[in-house]
Amino acid sequence: MTASLGRTPGIQQGRFMRTETGSRAKAEHKINAEPKNKALKPPRLRPVLLSKVLGINAIRPPKTKLNAPDFSRLAHDIPKAGPDGKPMSLSAADVKALEALRPPGKAAADCHKPGRHWHYGPEPAYHEGQAWGLQHDGGWLWLKKSGQNWWAWTSPQEPTWLWHKEHWWWRSDGIWFMLHEGEVWGYRLFGERRAEGLIHPGTGTQMEYSADGQRVAMITPGDGAWLFDARSGAVLERWTEAQMPAKIKPHAPRALSLPP
C-alpha cells in the first residue's frame, strides 16, 4: 500500500513542513509516552542520511546511461595466495562487504607499476592496470576504473555496481537501484507528492525526501510512517497505520458505453 501524506499532520502538499525544537520534543515525548504493550519500535530499515557535503538531490542516480566495463576476464585472475603467502578465498564477496568499500585513493589509483602486484596496507589490494582486487570479509571482489567512473564486480551471477555520489548503484531494465544497509533500493520520483526517493522492492517501504533535503519520511505498508531529520537521523514525528490517510479506492463507472 502506498499511503498519501498530502493531508497528514506535519506534511502539506507533498512538502515536509519545518519541525521546530518544541515540536520535535513534543513528538518524541508522544512516542516515549506510549504504553509498554503498545511500544512503537523504530523501523527495521533506516533512511539514507544526507551529509552537508552531498546536500540536496544527493540520492539521484546518474542522468545518463553508462556502460559497465567487462569484468569477465578477471574472474580467472584471482591470485592463489595473498601477500603473506596464505591461500586466498575464491568465494565472491557479498553486497554488505561491497557497501563498506570505497574506490582507491588518488595516490593508489595513479599507480603505473606494470604487471600484477600487491599494494600493502591494512587491507592489501591486488593491482593490475585499471583493476583492483580485494579480499573483504572472507570474499573477493574487483574494482575497476572506466573513464572517470569506478565500478565494482563480485561474480558473473551478480550485477556490476557504479560508484556515484558516495553510493553504489546498479541499473536494470532502465531503473537505477542503490545499495543501502545491504539492501537494494529502487530510485523513484513520487509524482503525486512531487518528491524523490527510494523504494524497497521486498517490503514496499518508501523513502521520500523533502524538497529542501532536510527531512525524509519512511512509509511502510502496515506500519505507518516515520519522519527523520535527513542529516542527523533524529526522529521528528511518527504516524501509525491508523493515522495514515485512507487509500483512495477505485470506483466502478456508473455507466458503460459499449460500441455498437
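The values are calculated or read from the model by the stated rules, or taken from the named source; none is laboratory data. Bear in mind that the values here come from a model prediction, so they are computed numbers and not experimental data. Here the Cβ is made from the backbone with ideal geometry for all residues, glycine too, and neighbour counts use every protein chain on show. These area figures cover heavy atoms from the full protein model, side chains too; ligands, DNA and RNA do not enter into them. Shrake-Rupley method; radii C 1.70, N 1.55, O 1.52, S 1.80 Å.
Quick one: in the stretch 126-141, of everything that is under 14 Å from L98 (Cα atoms) and not in a strand (DSSP E or B), which residue is most open to solvent (accessible area, probe 1.4 Å)? Across the stretch 126-141, the extreme among qualifying residues is D137.
Filtering the stretch 67-84 to residues that are free of Cβ contacts under 8 Å to residues at least 24 places away in the same chain and either part of a helix (DSSP H, G or I) or surrounded by 15 or more Cβ atoms within 10 Å (Cβ to Cβ) (or both) leaves R73, H76.
Taking the stretch 166-247 as the region of interest, the strands (runs of 3 or more DSSP E) fully inside it that hold 1 or more residues being under 15 Å from L45 (Cβ atoms) are 175-180, 183-190, 195-199, 206-209, 215-220, 224-229, 235-239.
In this structure, is E123 open to solvent by 30 Å² or more (accessible area, probe 1.4 Å), in contact (Cβ under 8 Å) with a residue 12 or more places away in the chain, in a loop (DSSP other than H, G, I, E, B) and within 16 Å of P69 (Cα to Cα)? The answer is no for E123.
Scanning the stretch 85-101 for residues that are within 23 Å of H117 (Cα to Cα) and in contact (Cβ under 8 Å) with a residue 24 or more places away in the chain yields M88, S89, L90, S91, A92, A93, A97, L98, L101. Looking for something modelled with pLDDT of 90 or more and open to solvent by less than 10 Å² (accessible area, probe 1.4 Å) - is there at least one such residue anywhere in the stretch 142-150? Checked against the condition, which is being modelled with pLDDT of 90 or more and open to solvent by less than 10 Å² (accessible area, probe 1.4 Å), the stretch 142-150 yields at least one hit. Any residue in the stretch 201-220 that is open to solvent by 30 Å² or more (accessible area, probe 1.4 Å) and at positive phi? Within the stretch 201-220 (the criterion being open to solvent by 30 Å² or more (accessible area, probe 1.4 Å) and at positive phi), the answer is no, since none of the residues qualifies.
Taking the criterion of being on the phi > 0 side of the Ramachandran plot and in contact (Cβ under 8 Å) with a residue 40 or more places away in the chain, the residues of the stretch 149-194 that qualify are K165, E166, E181, G182, R194. Does L50 satisfy being assigned to a helix (DSSP H, G or I) and touching a strand residue (DSSP E or B) at 6+ places or on another chain (Cβ under 8 Å)? It is false that L50 is assigned to a helix (DSSP H, G or I) and touching a strand residue (DSSP E or B) at 6+ places or on another chain (Cβ under 8 Å). Going through (1) modelled with pLDDT under 90; (2) out of contact with any His (no Cβ under 8 Å at 6 or more places or on another chain); (3) within 30 Å of H76 (Cβ to Cβ) one by one, A195 falls short only on (3). Please go through the stretch 92-117 and give me each residue that is part of a loop (DSSP other than H, G, I, E, B) and loosely packed, with under 12 Cβ neighbours inside 10 Å, ordered by number. Correct list: A100, R102, G105, D110, H112, K113, P114, G115. Any residue at all in the stretch 154-171 that's open to solvent by less than 20 Å² (accessible area, probe 1.4 Å), over 26 Å from V53 (Cα atoms) and of a type outside the set (D, E, K, R)? For the stretch 154-171, residues open to solvent by less than 20 Å² (accessible area, probe 1.4 Å), over 26 Å from V53 (Cα atoms) and of a type outside the set (D, E, K, R): present.
So, in the stretch 197-211, of the ones that are among the small types (G, A, S) and closer than 16 Å to A230 by Cβ, which residue ends up farthest from the chain's Cα centre (by Cα)? Here the answer is A211.
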